[in-house]
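Chemist: Attaching a single structure in C-alpha coordinates format; questions to follow.
The values are calculated or read from the model by the stated rules, or taken from the named source; none is laboratory data. Keep in mind the model is a prediction, meaning the values are calculated, not measured. Neighbour counts run over all protein chains shown; Cβ positions are idealised from the backbone, glycine included. In case anyone asks, the SASA skips ligands and DNA or RNA and just uses the protein heavy atoms, side chains included. Shrake-Rupley method; radii C 1.70, N 1.55, O 1.52, S 1.80 Å.
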Amino acid sequence: MLTIIKGPYLQWPTINSITIMWETDIPSSSKVEIYLAERIHSGYQGNYKKPEYIVTAVCDESFRNIHSITIEHLLPGTTYFYKIYSENDKSEVEAGPYPLKTAVGRGVPFSFTVTSETGGYSGFDQTNGQLNVDLFAQMQRYRPDFTLFVGDVVNDGKEYADWDKYFFGPGRDFMRTTPFYSCLGNHENYASWYYEFMGFAPPKNYYSFDYGDVHFTCLDSTDFVKKDSYPFSQDELRPGNPQYDFLIRDLQAATAKWKIVYFHYPPYVSGGYQVEVLRQLCPILEEYEVDLVFNSHTIVYERSHPIRAGEIDFDKGIVYIVSGGAGAMPDWLLPKRDWHTSQSLAVPHFVQVVVTLEQLEVRAIDLEGRLFDTMQIRKNADGVKMIL
Ligand SMILES: [Fe+2]
(Lines give C-alpha, C1' and ligand atoms only; values in the text may rest on other atoms or scores of the structure.)
Protein backbone atom coordinates (compact mmCIF):
# COMPACT_ATOMS: atom_id res chain seq x y z
CA MET A 1 0.00 0.00 0.00
CA LEU A 2 1.23 3.47 -0.88
CA THR A 3 2.65 5.18 2.23
CA ILE A 4 4.08 8.61 3.02
CA ILE A 5 7.44 7.90 4.66
CA LYS A 6 8.83 11.46 5.00
CA GLY A 7 6.99 14.69 5.53
CA PRO A 8 5.19 16.53 4.27
CA TYR A 9 7.70 19.28 5.01
CA LEU A 10 8.04 22.90 3.91
CA GLN A 11 10.88 24.47 1.93
CA TRP A 12 11.93 27.86 0.61
CA PRO A 13 9.13 30.17 1.73
CA THR A 14 9.06 33.52 -0.08
CA ILE A 15 6.58 36.34 0.26
CA ASN A 16 4.39 34.73 -2.40
CA SER A 17 5.39 31.09 -2.73
CA ILE A 18 6.38 27.97 -0.81
CA THR A 19 7.54 24.47 -1.71
CA ILE A 20 5.95 21.39 -0.15
CA MET A 21 7.90 18.12 -0.21
CA TRP A 22 7.29 14.54 0.90
CA GLU A 23 8.52 11.04 0.15
CA THR A 24 6.44 7.97 -0.63
CA ASP A 25 7.66 4.39 -0.43
CA ILE A 26 6.82 3.69 -4.07
CA PRO A 27 6.62 6.00 -7.11
CA SER A 28 3.38 7.96 -7.37
CA SER A 29 1.92 11.29 -8.52
CA SER A 30 1.95 14.54 -6.50
CA LYS A 31 -0.80 17.02 -5.71
CA VAL A 32 -1.12 19.87 -3.24
CA GLU A 33 -4.27 21.79 -2.37
CA ILE A 34 -4.06 25.15 -0.59
CA TYR A 35 -6.93 26.37 1.55
CA LEU A 36 -7.88 29.53 3.30
CA ALA A 37 -9.92 29.04 6.45
CA GLU A 38 -12.55 31.31 7.87
CA ARG A 39 -11.16 32.70 11.09
CA ILE A 40 -13.34 32.78 14.17
CA HIS A 41 -12.51 35.16 17.01
CA SER A 42 -8.92 36.34 16.58
CA GLY A 43 -6.89 33.19 17.17
CA TYR A 44 -4.85 30.71 15.25
CA GLN A 45 -5.12 27.03 14.37
CA GLY A 46 -7.71 25.87 16.92
CA ASN A 47 -9.70 29.00 16.29
CA TYR A 48 -9.99 28.36 12.60
CA LYS A 49 -12.93 26.52 11.19
CA LYS A 50 -12.10 23.45 9.20
CA PRO A 51 -10.29 24.67 6.06
CA GLU A 52 -12.75 24.62 3.23
CA TYR A 53 -11.97 27.40 0.76
CA ILE A 54 -9.60 26.10 -1.87
CA VAL A 55 -7.26 28.82 -3.10
CA THR A 56 -5.29 26.76 -5.58
CA ALA A 57 -4.20 23.22 -6.42
CA VAL A 58 -1.04 22.07 -8.22
CA CYS A 59 -0.52 18.58 -9.67
CA ASP A 60 2.40 16.64 -11.09
CA GLU A 61 1.24 13.45 -12.79
CA SER A 62 4.73 11.98 -13.16
CA PHE A 63 5.50 9.13 -10.75
CA ARG A 64 8.28 9.74 -8.24
CA ASN A 65 9.29 8.85 -4.69
CA ILE A 66 10.48 12.30 -3.57
CA HIS A 67 7.73 14.81 -4.28
CA SER A 68 8.18 18.58 -4.59
CA ILE A 69 5.39 21.00 -5.43
CA THR A 70 5.86 24.77 -5.45
CA ILE A 71 2.78 26.90 -4.85
CA GLU A 72 2.92 30.45 -6.23
CA HIS A 73 0.76 33.59 -6.19
CA LEU A 74 0.24 33.51 -2.42
CA LEU A 75 0.03 36.55 -0.14
CA PRO A 76 2.93 37.66 2.13
CA GLY A 77 2.97 36.66 5.80
CA THR A 78 -0.28 34.77 5.41
CA THR A 79 -1.38 31.54 7.08
CA TYR A 80 -2.86 28.97 4.72
CA PHE A 81 -3.64 25.30 5.12
CA TYR A 82 -2.45 22.57 2.77
CA LYS A 83 -3.25 18.98 1.94
CA ILE A 84 -1.09 16.58 -0.08
CA TYR A 85 -2.14 13.67 -2.24
CA SER A 86 -0.23 10.92 -4.05
CA GLU A 87 -1.56 8.06 -6.10
CA ASN A 88 -0.47 5.32 -8.46
CA ASP A 89 -2.32 2.59 -10.33
CA LYS A 90 -3.07 0.62 -7.19
CA SER A 91 -3.67 2.99 -4.31
CA GLU A 92 -3.74 6.56 -3.06
CA VAL A 93 -2.70 8.41 0.05
CA GLU A 94 -3.27 11.88 1.48
CA ALA A 95 -2.20 13.98 4.48
CA GLY A 96 -3.34 17.22 6.05
CA PRO A 97 -4.67 19.77 6.38
CA TYR A 98 -1.69 21.44 8.06
CA PRO A 99 -1.02 25.17 8.44
CA LEU A 100 1.78 26.98 6.64
CA LYS A 101 2.84 30.61 6.55
CA THR A 102 4.43 32.51 3.70
CA ALA A 103 7.45 34.75 4.36
CA VAL A 104 6.88 38.22 5.74
CA GLY A 105 7.98 41.27 3.79
CA ARG A 106 10.21 44.17 4.80
CA GLY A 107 9.32 45.92 8.04
CA VAL A 108 7.38 42.99 9.51
CA PRO A 109 8.78 41.36 12.70
CA PHE A 110 9.30 37.60 12.79
CA SER A 111 11.28 34.95 14.64
CA PHE A 112 13.28 31.89 13.75
CA THR A 113 15.18 29.19 15.61
CA VAL A 114 18.63 27.69 15.08
CA THR A 115 19.91 24.26 16.05
CA SER A 116 21.99 21.41 14.63
CA GLU A 117 23.79 18.16 15.41
CA THR A 118 20.64 16.06 15.54
CA GLY A 119 22.72 13.27 14.01
CA GLY A 120 26.22 14.05 15.17
CA TYR A 121 25.22 13.54 18.77
CA SER A 122 22.76 10.76 18.31
CA GLY A 123 25.42 8.67 16.70
CA PHE A 124 26.89 8.40 20.18
CA ASP A 125 23.87 8.58 22.45
CA GLN A 126 21.66 5.79 23.70
CA THR A 127 18.29 7.55 23.46
CA ASN A 128 17.68 6.35 19.90
CA GLY A 129 16.62 9.77 18.70
CA GLN A 130 14.32 10.59 21.67
CA LEU A 131 16.44 13.61 22.51
CA ASN A 132 15.79 14.96 19.01
CA VAL A 133 12.03 14.40 19.46
CA ASP A 134 12.15 16.47 22.64
CA LEU A 135 14.22 19.20 20.97
CA PHE A 136 11.80 19.55 18.05
CA ALA A 137 8.84 19.60 20.44
CA GLN A 138 10.43 22.35 22.52
CA MET A 139 11.20 24.45 19.42
CA GLN A 140 7.60 24.03 18.28
CA ARG A 141 6.39 25.69 21.49
CA TYR A 142 8.18 28.89 20.40
CA ARG A 143 6.34 28.85 17.06
CA PRO A 144 9.22 30.01 14.85
CA ASP A 145 8.51 31.17 11.31
CA PHE A 146 11.33 28.88 10.17
CA THR A 147 14.41 27.08 11.46
CA LEU A 148 18.06 26.97 10.46
CA PHE A 149 19.96 23.69 10.91
CA VAL A 150 23.67 24.39 10.93
CA GLY A 151 24.71 20.94 9.75
CA ASP A 152 25.29 17.40 11.04
CA VAL A 153 21.56 16.68 11.05
CA VAL A 154 22.34 12.98 10.43
CA ASN A 155 25.12 10.70 11.57
CA ASP A 156 26.14 9.58 8.07
CA GLY A 157 24.42 11.35 5.17
CA LYS A 158 25.22 8.49 2.80
CA GLU A 159 23.11 6.13 4.94
CA TYR A 160 19.57 6.56 3.60
CA ALA A 161 18.03 5.31 6.87
CA ASP A 162 19.79 8.03 8.87
CA TRP A 163 17.68 10.77 7.29
CA ASP A 164 14.54 9.33 8.82
CA LYS A 165 16.09 8.08 12.06
CA TYR A 166 17.70 11.35 13.11
CA PHE A 167 15.99 14.10 11.16
CA PHE A 168 12.73 13.65 9.29
CA GLY A 169 11.39 11.11 11.79
CA PRO A 170 11.90 13.03 15.05
CA GLY A 171 11.09 16.31 13.27
CA ARG A 172 7.94 15.12 11.48
CA ASP A 173 5.36 17.15 13.41
CA PHE A 174 7.55 20.25 13.55
CA MET A 175 8.48 20.23 9.86
CA ARG A 176 4.87 19.94 8.72
CA THR A 177 4.28 23.51 9.77
CA THR A 178 7.76 25.07 9.96
CA PRO A 179 9.99 25.52 6.91
CA PHE A 180 13.66 24.77 7.47
CA TYR A 181 16.99 25.63 5.90
CA SER A 182 20.18 23.69 6.48
CA CYS A 183 23.83 23.67 5.52
CA LEU A 184 26.22 20.80 4.98
CA GLY A 185 28.18 19.47 7.94
CA ASN A 186 30.88 16.84 7.85
CA HIS A 187 28.32 14.20 8.95
CA GLU A 188 26.27 14.85 5.81
CA ASN A 189 29.34 13.29 4.22
CA TYR A 190 28.90 14.96 0.80
CA ALA A 191 25.83 12.74 0.30
CA SER A 192 23.52 13.05 -2.69
CA TRP A 193 20.54 12.59 -0.31
CA TYR A 194 21.04 16.17 0.89
CA TYR A 195 20.45 17.40 -2.66
CA GLU A 196 17.49 15.05 -3.11
CA PHE A 197 15.67 16.02 0.07
CA MET A 198 16.35 19.78 0.19
CA GLY A 199 14.43 22.33 -1.86
CA PHE A 200 16.95 25.17 -1.65
CA ALA A 201 18.06 27.33 -4.58
CA PRO A 202 20.82 25.72 -6.69
CA PRO A 203 23.52 24.69 -6.11
CA LYS A 204 21.87 23.97 -2.74
CA ASN A 205 25.10 23.61 -0.74
CA TYR A 206 25.36 27.41 -0.72
CA TYR A 207 22.57 29.92 -1.29
CA SER A 208 21.00 33.05 0.12
CA PHE A 209 17.55 34.43 0.74
CA ASP A 210 15.75 37.38 2.28
CA TYR A 211 13.18 36.98 5.02
CA GLY A 212 11.67 40.18 6.42
CA ASP A 213 14.49 42.59 7.14
CA VAL A 214 17.22 39.93 7.19
CA HIS A 215 19.48 38.70 4.41
CA PHE A 216 20.64 35.14 5.13
CA THR A 217 23.68 33.62 3.45
CA CYS A 218 24.41 29.90 3.75
CA LEU A 219 27.89 28.55 3.00
CA ASP A 220 29.26 25.04 2.62
CA SER A 221 32.34 25.00 4.84
CA THR A 222 32.91 21.31 4.03
CA ASP A 223 33.64 22.44 0.49
CA PHE A 224 36.05 25.15 1.65
CA VAL A 225 37.79 22.67 3.96
CA LYS A 226 37.66 19.24 2.40
CA LYS A 227 37.46 16.09 4.47
CA ASP A 228 40.93 14.89 3.55
CA SER A 229 42.52 18.18 4.56
CA TYR A 230 40.41 18.96 7.63
CA PRO A 231 41.04 21.13 9.61
CA PHE A 232 43.41 22.76 7.12
CA SER A 233 42.55 24.43 3.86
CA GLN A 234 43.32 23.21 0.38
CA ASP A 235 43.64 26.82 -0.57
CA GLU A 236 39.97 27.03 -1.54
CA LEU A 237 39.41 30.25 0.41
CA ARG A 238 40.46 32.60 -2.37
CA PRO A 239 39.09 34.55 -5.33
CA GLY A 240 38.26 32.19 -8.19
CA ASN A 241 36.64 29.65 -5.92
CA PRO A 242 32.96 29.77 -6.98
CA GLN A 243 31.64 29.82 -3.43
CA TYR A 244 34.15 32.44 -2.29
CA ASP A 245 33.15 34.66 -5.22
CA PHE A 246 29.47 34.01 -4.48
CA LEU A 247 29.90 35.18 -0.89
CA ILE A 248 31.37 38.52 -1.97
CA ARG A 249 28.81 39.07 -4.74
CA ASP A 250 25.97 38.08 -2.46
CA LEU A 251 26.90 40.35 0.45
CA GLN A 252 27.65 43.21 -1.94
CA ALA A 253 24.15 42.97 -3.39
CA ALA A 254 22.30 42.49 -0.10
CA THR A 255 20.01 45.40 0.75
CA ALA A 256 18.24 44.13 3.89
CA LYS A 257 19.03 45.93 7.14
CA TRP A 258 20.40 42.81 8.87
CA LYS A 259 22.86 40.25 7.52
CA ILE A 260 23.25 36.76 8.98
CA VAL A 261 25.68 34.14 7.63
CA TYR A 262 25.73 30.47 8.62
CA PHE A 263 28.04 27.54 7.93
CA HIS A 264 29.06 24.42 9.82
CA TYR A 265 32.73 24.69 10.82
CA PRO A 266 33.26 27.39 13.48
CA PRO A 267 36.04 29.94 13.03
CA TYR A 268 35.69 30.70 16.73
CA VAL A 269 34.79 28.21 19.46
CA SER A 270 36.59 26.96 22.51
CA GLY A 271 37.20 23.31 23.19
CA GLY A 272 39.37 22.12 20.31
CA TYR A 273 36.92 21.93 17.40
CA GLN A 274 37.35 25.35 15.84
CA VAL A 275 38.58 25.45 12.24
CA GLU A 276 40.79 28.49 12.32
CA VAL A 277 41.48 28.55 8.60
CA LEU A 278 37.88 29.75 8.13
CA ARG A 279 38.89 33.02 9.77
CA GLN A 280 40.05 33.90 6.25
CA LEU A 281 36.35 34.63 5.59
CA CYS A 282 36.09 37.09 8.48
CA PRO A 283 37.49 40.16 6.65
CA ILE A 284 34.76 39.71 4.01
CA LEU A 285 32.07 39.36 6.67
CA GLU A 286 33.45 42.46 8.38
CA GLU A 287 33.70 44.52 5.19
CA TYR A 288 30.06 43.90 4.35
CA GLU A 289 28.92 44.44 7.95
CA VAL A 290 27.48 41.03 8.73
CA ASP A 291 25.68 41.20 12.07
CA LEU A 292 25.68 37.60 13.22
CA VAL A 293 27.31 34.30 12.25
CA PHE A 294 25.93 30.87 13.20
CA ASN A 295 28.15 27.79 13.24
CA SER A 296 28.06 24.32 14.73
CA HIS A 297 30.37 21.26 14.71
CA THR A 298 31.17 21.54 18.42
CA ILE A 299 28.32 20.04 20.42
CA VAL A 300 27.90 23.04 22.66
CA TYR A 301 26.28 26.45 22.86
CA GLU A 302 28.86 29.19 22.61
CA ARG A 303 28.56 32.92 21.96
CA SER A 304 31.70 34.88 21.17
CA HIS A 305 32.51 38.41 22.15
CA PRO A 306 32.09 40.76 19.17
CA ILE A 307 35.22 40.19 17.06
CA ARG A 308 36.79 42.30 14.34
CA ALA A 309 40.25 41.89 12.80
CA GLY A 310 40.94 39.04 15.20
CA GLU A 311 40.32 41.13 18.29
CA ILE A 312 37.43 41.92 20.59
CA ASP A 313 35.65 45.02 19.27
CA PHE A 314 32.43 45.99 21.02
CA ASP A 315 31.66 48.74 18.50
CA LYS A 316 32.05 46.97 15.17
CA GLY A 317 32.70 43.31 15.96
CA ILE A 318 30.73 40.31 14.68
CA VAL A 319 29.23 37.87 17.19
CA TYR A 320 29.81 34.19 16.32
CA ILE A 321 27.33 31.76 17.84
CA VAL A 322 27.87 28.01 17.85
CA SER A 323 24.52 26.30 18.18
CA GLY A 324 25.63 22.69 18.36
CA GLY A 325 22.16 22.19 19.60
CA ALA A 326 20.85 18.70 19.88
CA GLY A 327 23.62 17.22 21.88
CA ALA A 328 25.83 17.87 24.83
CA MET A 329 29.12 16.10 25.22
CA PRO A 330 30.93 18.11 27.92
CA ASP A 331 33.68 15.51 28.19
CA TRP A 332 34.70 16.26 24.60
CA LEU A 333 35.60 19.78 25.56
CA LEU A 334 38.78 21.16 27.01
CA PRO A 335 38.02 22.35 30.54
CA LYS A 336 38.78 26.04 29.89
CA ARG A 337 37.24 28.65 27.65
CA ASP A 338 39.10 30.67 25.03
CA TRP A 339 39.77 34.42 24.87
CA HIS A 340 36.95 34.97 22.38
CA THR A 341 34.34 33.11 24.47
CA SER A 342 31.63 35.25 26.03
CA GLN A 343 29.13 32.55 27.07
CA SER A 344 29.37 28.79 26.74
CA LEU A 345 27.25 25.92 27.97
CA ALA A 346 27.26 22.26 26.92
CA VAL A 347 23.57 21.40 27.11
CA PRO A 348 21.03 20.33 24.47
CA HIS A 349 19.49 23.56 23.27
CA PHE A 350 18.27 25.73 20.45
CA VAL A 351 18.58 29.45 19.76
CA GLN A 352 15.56 31.68 19.17
CA VAL A 353 16.08 34.94 17.26
CA VAL A 354 13.38 37.60 17.35
CA VAL A 355 13.77 40.12 14.54
CA THR A 356 12.47 43.64 14.27
CA LEU A 357 13.74 46.48 12.12
CA GLU A 358 15.54 47.97 15.14
CA GLN A 359 16.76 44.87 16.96
CA LEU A 360 17.95 41.27 16.72
CA GLU A 361 17.16 39.54 20.00
CA VAL A 362 19.00 36.25 20.54
CA ARG A 363 17.81 33.80 23.22
CA ALA A 364 19.38 30.42 24.01
CA ILE A 365 16.91 27.88 25.42
CA ASP A 366 17.57 24.41 26.80
CA LEU A 367 15.60 21.21 26.34
CA GLU A 368 13.35 21.98 29.32
CA GLY A 369 12.55 25.46 28.01
CA ARG A 370 14.89 27.33 30.36
CA LEU A 371 16.36 30.55 28.99
CA PHE A 372 20.11 30.50 29.69
CA ASP A 373 21.59 33.26 27.50
CA THR A 374 20.35 36.42 25.82
CA MET A 375 21.81 39.13 23.63
CA GLN A 376 20.37 42.06 21.72
CA ILE A 377 21.91 43.82 18.75
CA ARG A 378 20.42 47.21 18.01
CA LYS A 379 21.16 49.28 14.94
CA ASN A 380 19.92 52.79 14.26
CA ALA A 381 19.00 54.23 10.88
CA ASP A 382 22.65 55.24 10.30
CA GLY A 383 23.82 51.67 10.81
CA VAL A 384 25.45 52.37 14.17
CA LYS A 385 25.33 49.18 16.21
CA MET A 386 24.96 48.55 19.90
CA ILE A 387 25.32 45.07 21.38
CA LEU A 388 23.61 44.54 24.74
FE1 LIG B 1 30.53 18.55 12.47
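Chemist: Give me the pairs, please: first residue somewhere in the range 264-276 and under 17 Å from Leu292 (Cβ atoms) and away from the ligand (no atom under 13 Å from the Cβ), second residue anywhere and open to solvent by 10 Å² or more (accessible area, probe 1.4 Å) and polar (S, T, N, Q), beta-carbon distance under 8 Å, and either six or more positions apart or on two chains.
Modeler: The qualifying pairs are Pro267/Gln274; Tyr268/Gln274.
Chemist: One residue is enough: does the range 371-378 have a residue meeting the conditions crowded, with 23+ Cβ neighbours inside 10 Å, away from the ligand (no atom under 16 Å from the Cβ) and of a type in the set (Ser, Thr, Tyr)?
Modeler: Here is the first cut: in the range 371-378, the residues crowded, with 23+ Cβ neighbours inside 10 Å are none.
No, the range 371-378 contains no residue that is crowded, with 23+ Cβ neighbours inside 10 Å, away from the ligand (no atom under 16 Å from the Cβ) and of a type in the set (Ser, Thr, Tyr).
Let's see how each residue does on (1) in contact with a helix residue (DSSP H, G or I) (Cβ under 9 Å, 6 or more places away or on another chain); (2) open to solvent by less than 30 Å² (accessible area, probe 1.4 Å); (3) aromatic (Phe, Trp, Tyr):
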| site | (1), (2), (3) |
| --- | --- |
| Trp258 | no, yes, yes |
| Tyr265 | yes, yes, yes |
| Val277 | yes, yes, no |
| Tyr288 | yes, no, yes |
| Tyr301 | no, yes, yes |
| His305 | no, no, no |
| Ile318 | yes, yes, no |
| Ser323 | no, yes, no |
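Chemist: Give the residues of the range 272-284 that are out of contact with any Phe, Trp or Tyr (no Cβ under 7 Å at 6 or more places or on another chain) and in a loop (DSSP other than H, G, I, E, B), sorted by residue number. Show your work before the answer.
Modeler: In the first step, residues of the range 272-284 are kept if they are out of contact with any Phe, Trp or Tyr (no Cβ under 7 Å at 6 or more places or on another chain); the result is 272-273, 276, 279-284.
Residues satisfying the conditions are Gly272, Tyr273.
Chemist: Yes or no: the range 238-245 includes at least one residue that is within 22 Å of the chain's Cα centre (by Cα), in a helix (DSSP H, G or I) and either touching a residue at least 40 places away in the same chain (Cβ under 8 Å) or crowded, with 17+ Cβ neighbours inside 10 Å (or both).
Modeler: Step one: of the range 238-245, the residues within 22 Å of the chain's Cα centre (by Cα) are 243-244.
Pick out the ones that are also in a helix (DSSP H, G or I) and you get 243-244.
From what is left, the residues that are either touching a residue at least 40 places away in the same chain (Cβ under 8 Å) or crowded, with 17+ Cβ neighbours inside 10 Å (or both) are 243-244.
Yes, that holds for at least one residue.
Chemist: Taking the stated definitions as given, is Thr255 touching a residue at least 40 places away in the same chain (Cβ under 8 Å) and β-branched (Val, Ile, Thr)? First the steps, then the outcome.
Modeler: Values: touching a residue at least 40 places away in the same chain (Cβ under 8 Å): yes; β-branched (Val, Ile, Thr): yes.
Answer is yes for this residue.
Chemist: Under 8 Å between Cβ atoms, at least 6 apart or on separate chains: pull out the pairs that start in the range 167-188 with a residue that is over 19 Å from Gln130 (Cβ atoms) and assigned to a loop (DSSP other than H, G, I, E, B) and end on any residue that is open to solvent by less than 10 Å² (accessible area, probe 1.4 Å) and of a type in the set (Val, Ile, Thr).
Modeler: These pairs meet every condition: Thr178/Thr147; Pro179/Ile18; Pro179/Thr147; Cys183/Val150; Leu184/Thr222; Gly185/Val150; Gly185/Val153; Gly185/Thr222.
Chemist: So in the range 122-150, with the set limited to residues that are modelled with pLDDT of 95 or more, open to solvent by less than 40 Å² (accessible area, probe 1.4 Å) and in a loop (DSSP other than H, G, I, E, B), which one is nearest to Phe216 (Cα to Cα)?
Modeler: Looking at residues that are modelled with pLDDT of 95 or more, open to solvent by less than 40 Å² (accessible area, probe 1.4 Å) and in a loop (DSSP other than H, G, I, E, B), I get Val150.
Chemist: Mind checking which residues of the range 95-121 are outside any loop (DSSP other than H, G, I, E, B) and open to solvent by less than 20 Å² (accessible area, probe 1.4 Å)? Walk me through how you get there before you give the answer.
Modeler: Initial filter on the range 95-121 (outside any loop (DSSP other than H, G, I, E, B)): 95-101, 110-115.
Result: Ala95, Pro99, Leu100, Phe110, Ser111, Phe112, Thr113, Val114, Thr115.
Chemist: I'd like the full set of residues that are outside any strand (DSSP E or B), exposed (fewer than 14 other Cβ atoms within 10 Å of the Cβ) and of a type in the set (Ser, Thr, Tyr), limited to the range 51-94. So that I can check it myself, show each step before the final result.
Modeler: Applying the first criterion (outside any strand (DSSP E or B)) to the range 51-94 yields 51-52, 72-78, 88-91.
Remaining after also requiring exposed (fewer than 14 other Cβ atoms within 10 Å of the Cβ): 52, 72-73, 75, 89-91.
Within the range 51-94, just Ser91 meets the criteria.
Chemist: Suppose we keep only residues that are within 16 Å of the ligand (Cβ to nearest atom) and open to solvent by less than 20 Å² (accessible area, probe 1.4 Å) within the range 176-201. Which one would you say is nearest to Thr14 (Cα to Cα)?
Modeler: Going through the range 176-201, the residues within 16 Å of the ligand (Cβ to nearest atom) turn out to be 182-191, 194.
Add one more test, that the residue is open to solvent by less than 20 Å² (accessible area, probe 1.4 Å), and what stays is 182-185, 188, 191, 194.
On the way: Ser182: 16, Cys183: 19, Leu184: 22, Gly185: 25, Glu188: 26, Ala191: 27, Tyr194: 21 Å.
Per the stated criteria, the residue is Ser182.
Chemist: Only one of Asp173, Asp228 is open to solvent by 10 Å² or more (accessible area, probe 1.4 Å), at pLDDT below 95 and either out of contact with any His (no Cβ under 6 Å at 6 or more places or on another chain) or more than 16 Å from the ligand (Cβ to nearest atom) (or both); which?
Modeler: Numbers: Asp173 fails: at pLDDT below 95.
Result of the check over Asp173, Asp228: Asp228.
Chemist: Among the residues in the range 337-349, are any touching a Pro at 6+ places or on another chain (Cβ under 7 Å) and surrounded by 17 or more Cβ atoms within 10 Å (Cβ to Cβ)? Walk me through how you get there before you give the answer.
Modeler: Let us first name the residues in the range 337-349 that are touching a Pro at 6+ places or on another chain (Cβ under 7 Å), namely 346.
Still in the list and also surrounded by 17 or more Cβ atoms within 10 Å (Cβ to Cβ): 346.
Yes, some residue in the range 337-349 is touching a Pro at 6+ places or on another chain (Cβ under 7 Å) and surrounded by 17 or more Cβ atoms within 10 Å (Cβ to Cβ).
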